[in-house]
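Undergrad: Dumping the structure here so I can ask a few things about it.
The values are calculated or read from the model by the stated rules, or taken from the named source; none is laboratory data. Predicted model, so just to flag it, every value in this text is computed and none were measured. As a convention, Cβ positions derive from the backbone with ideal geometry for all residues, glycine included, and neighbour counts pool all protein chains shown.
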Amino acid sequence: MAEPLVKVRGLSKTYVRRPSLVARLLGVKQSIVPALSDIDLDIEAGETLGVVGESGSGKSTLGRILAGLLPADAGTINFSEPKSVDGEGRGQPTQRRRVQIVFQNPYASLNPRHSIGKTIDVALRLRGLNAATTRRKRAVRLLEAVGLHASYLNRYPYALSGGQRQRVAIARALAMDPEFLILDEPTSALDVSIQAQILRLLGELKSQFHLTYLLISHNLSVVAVTADRMVVMQQGKIVEVGDTDRVIAEPHHPYTAKLLQAVPSIAEVDSVVVFPGPACRRP
């Protein structure tokens, strides 16, 4: 059996909650808030793994630690050996390049002073593409891959709609030629009519670029129709994990059942495309 792309063992993270000055004068002391508690998780190459839970369950903290944006207090994260697909150096990337993240709010994650062309160009430079003409051609291809015309290279984030900004954010992530893409609430800041378009795009890109997804969402319905497997988190712990169809049909944990009762019928969520599954793993 193939090694998982990502193997997480014993991952823990706490935050220190510091009271305000007034609270400190009243004798309130700082407290320790557990965000993740002894998380064990395997992420298979080529799959879409959905992570659901209420606000404060630790799902975004998990994604940021996997992306290298936060340090863990304890535990290990091991990535399998990279495999070359396109012959452009994917055989020896750093872990940071292998993992990219797409955030909830694309406007906040894009530099408003940079044109779209410069935003993507910076990523391509970090990737090691030195020739300006090569970077521009690649930037055009990336924009076309996410459904935008080459003319967008000269535009700025303020001139784009929310859906267009998120497409640019996705193109910037793809510019690093990642294997593993963390999607942290990628559609929750968008209009409902645009959400389905972005999810459909992500499904197409997953197959085209041989990607593995970690899809973090508070919307269980979206995860239900896009994820191969589902992780349910509560108060920093994984309370259930399994094939999505099984979890939806036969939840084993009371908290999972409670979440399912709080959303519309999964059958009514028919406006998104189901992501390609593990059968699309890289050779």
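Undergrad: Kindly provide the set of residues from region 44-73 that are within 20 Å of residue 218 (Cβ to Cβ) and of a type in the set (A, V, I, L, M, F, W, C), ordered by number.
TA: 49, 51, 52, 62, 65, 66, 67, 69, 70
Undergrad: If only one of 129, 62, 66 is surrounded by 13 or more Cβ atoms within 10 Å (Cβ to Cβ), modelled with pLDDT under 90 and not β-branched (Val, Ile, Thr), which one is it?
TA: Just one listed residue meets the conditions, 129.
Undergrad: Going by what's in this entry, would residue 74 be described as assigned by TED's automatic domain parsing to the domain that holds residue 185 and either buried (at least 16 other Cβ atoms within 10 Å of the Cβ) or closer than 17 Å to residue 239 by Cβ (or both)?
TA: Against the criterion (assigned by TED's automatic domain parsing to the domain that holds residue 185 and either buried (at least 16 other Cβ atoms within 10 Å of the Cβ) or closer than 17 Å to residue 239 by Cβ (or both)), residue 74 does not qualify.
Undergrad: Turning to a different aspect of this structure: For the list (1) within 19 Å of the chain's Cα centre (by Cα); (2) assigned to a helix (DSSP H, G or I); (3) at pLDDT 95 or above, I need the number of the one condition that residue 198 fails.
TA: (3)
Undergrad: If the requirement is being part of a helix (DSSP H, G or I), surrounded by fewer than 24 Cβ atoms within 10 Å (Cβ to Cβ) and not acidic (Asp, Glu), which of these qualifies: 190, 205?
TA: 205 is the lone residue from the list that is part of a helix (DSSP H, G or I), surrounded by fewer than 24 Cβ atoms within 10 Å (Cβ to Cβ) and not acidic (Asp, Glu).
Undergrad: If I filter region 46-66 for residues that are among the hydrophobic types (A, V, I, L, M, F, W, C), free of Cβ contacts under 8 Å to residues at least 60 places away in the same chain and either assigned by TED's automatic domain parsing to the domain that holds residue 239 or not in a strand (DSSP E or B) (or both), do I get at least one hit?
TA: Yes, region 46-66 contains a residue that is among the hydrophobic types (A, V, I, L, M, F, W, C), free of Cβ contacts under 8 Å to residues at least 60 places away in the same chain and either assigned by TED's automatic domain parsing to the domain that holds residue 239 or not in a strand (DSSP E or B) (or both).
Undergrad: Exactly one condition in (1) surrounded by 20 or more Cβ atoms within 10 Å (Cβ to Cβ); (2) assigned by TED's automatic domain parsing to the domain that holds residue 49; (3) under 27 Å from residue 97 (Cα atoms) is not met by residue 170; state its number.
TA: (2) is the only condition that residue 170 fails.
Undergrad: Within region 15-34, is even one residue closer than 26 Å to residue 242 by Cα, modelled with pLDDT of 95 or more and not polar (S, T, N, Q)?
TA: No - not one qualifying residue is present in region 15-34.
Undergrad: Right, next: Six or more apart or on different chains, Cβ under 6 Å: which pairs go from a residue in region 171-199 that's on the phi > 0 side of the Ramachandran plot to one that's hydroxyl-bearing (Ser, Thr, Tyr)? Could you list them?
TA: 185/217
Undergrad: If you don't mind, there's one more thing I want to ask. So which residues in region 142-163 are within 23 Å of residue 193 (Cβ to Cβ) and either part of a loop (DSSP other than H, G, I, E, B) or free of Cβ contacts under 8 Å to residues at least 24 places away in the same chain (or both), if there are any at all?
TA: 144, 146, 147, 148, 149, 155, 159, 160, 161
Undergrad: On the given criteria, is residue 215 surrounded by 21 or more Cβ atoms within 10 Å (Cβ to Cβ) and assigned to a helix (DSSP H, G or I)?
TA: no
Undergrad: Output the residue which, of all residues in region 205-243 that are charged (D, E, K, R) and touching a residue at least 60 places away in the same chain (Cβ under 8 Å), is nearest to residue 35 (Cα to Cα).
TA: Among those that are charged (D, E, K, R) and touching a residue at least 60 places away in the same chain (Cβ under 8 Å), it is 237.
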